[in-house]
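Below: the structure, in structure tokens.
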Amino acid sequence: MELAKITTRGQITIPAEIRKKLGVKDGDKVIFVEENGRIIIENAAMVALKNAQAAFAGEAERVGLKAEQDVVDMVKGVRREVWEERHARND
């Protein structure tokens, strides 16, 4: 268990061991989440990443991407479309 003191401005210093466990460093942001009457502190970047992963869950299957090569082929196709669009305007 770690202890932190609140300053008169409502600030705390997160103990080094807790920062290490959260994977945060100077300038990073943390998020406070209320869950079952408790306040949980989390690495804001990791929460954003988890939310993005959840939002994209199932999208690869939905668009028919089953293997890494499918992704490579899709990227090549998009690049080809962009190239053709740019060059079509330059005629």
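Coordinate-derived values only; no laboratory data. Everything numeric here is computed off the predicted structure, so don't read it as measured data. Glycine gets a Cβ as well: all are built from the backbone with ideal geometry, and neighbour counts include every protein chain shown.
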Next item on the list: Can you run down the residue pairs with Cβ atoms below 9 Å, 6 or more apart or on separate chains, where the first is in the range 68-83 and free of Cβ contacts under 8 Å to residues at least 12 places away in the same chain and the partner is surrounded by 10 or more Cβ atoms within 10 Å (Cβ to Cβ) and assigned to a helix (DSSP H, G or I)?
Entry: 70/60; 71/60
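Among the candidates 42, 17, 59, which residue alone is exposed (fewer than 10 other Cβ atoms within 10 Å of the Cβ) and more than 24 Å from residue 74 (Cα to Cα)?
Details: 42 fails: exposed (fewer than 10 other Cβ atoms within 10 Å of the Cβ); 59 fails: more than 24 Å from residue 74 (Cα to Cα).
Answer to the selection: 17.
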